[in-house]
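Working notes, beginning with the structure itself.
The values are calculated or read from the model by the stated rules, or taken from the named source; none is laboratory data. This is a predicted model, so every value here is computed, not measured. Cβ placement follows ideal geometry from the backbone for every residue including glycine, while neighbour counts extend to all protein chains displayed. These area figures cover heavy atoms from the full protein model, side chains too; ligands, DNA and RNA do not enter into them. Shrake-Rupley method; radii C 1.70, N 1.55, O 1.52, S 1.80 Å.
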Amino acid sequence: TLADDPNSGGYPYFLTEKIWKPIICQQPFIVYGQRGYLKCLREMGFKTFSNVWDESYDDEKDCLKRGNMIANLARSLLDIDSKKLYLETKDVRSHNLKIFSDKNILKSIITQDVSNSLFGDLIKI
């Protein structure tokens with residue numbers, strides 16, 4: 001939904017159904033979002049797939065360059081063995097569903113996300 005640098009554009013991280021769907025369905029994900037999006041997810045307790053592929057795109061300030069890095073990453077995964085990938089990512093995928101399914105953690109995430117979306121850095125819950 002947003003790919004602009006949150007530090008220059010003034011936007012808070014905007015987490016949508018586009019990230020929650022693969023977490024609920026236990027699918028690996030690559031995110032074209034704001035710089036630091038994956039870092040934000042990790043701060044919430046989720047795990048990402050840096051042990052399987054290069055996630056350095058998450059640190060790239062220029063959103064066009066970040067997009068090119070993601071496209072290159074996607075191309076590099078074209079020939080990957082999907083069964084092997086599924087097995088390699090099982091622990092991360094299971095962990096993420098467990099975090100998402102914990103009502104206390106989820107309530108905290110949603111409350112913080114809505115607060116950030118509405119008020120930015122003005123209110124910290």
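Just checking: which of the helices (runs of 4 or more DSSP H) contained wholly in the range 30-125 hold 3 or more residues that are at pLDDT below 85 and open to solvent by 30 Å² or more (accessible area, probe 1.4 Å)?
Details: elements: 37-43, 63-76, 82-88, 90-101, 103-119.
Counting at least 3 such residues, we get 103-119.
Give the residues of the range 53-101 that are without any contact (Cβ under 8 Å) to a residue 60 or more places away in the chain, aliphatic (A, V, I, L, M) and closer than 16 Å to V31 by Cα, sorted by residue number.
The answer is L64, M69, I70, A71, L73, A74, L77.
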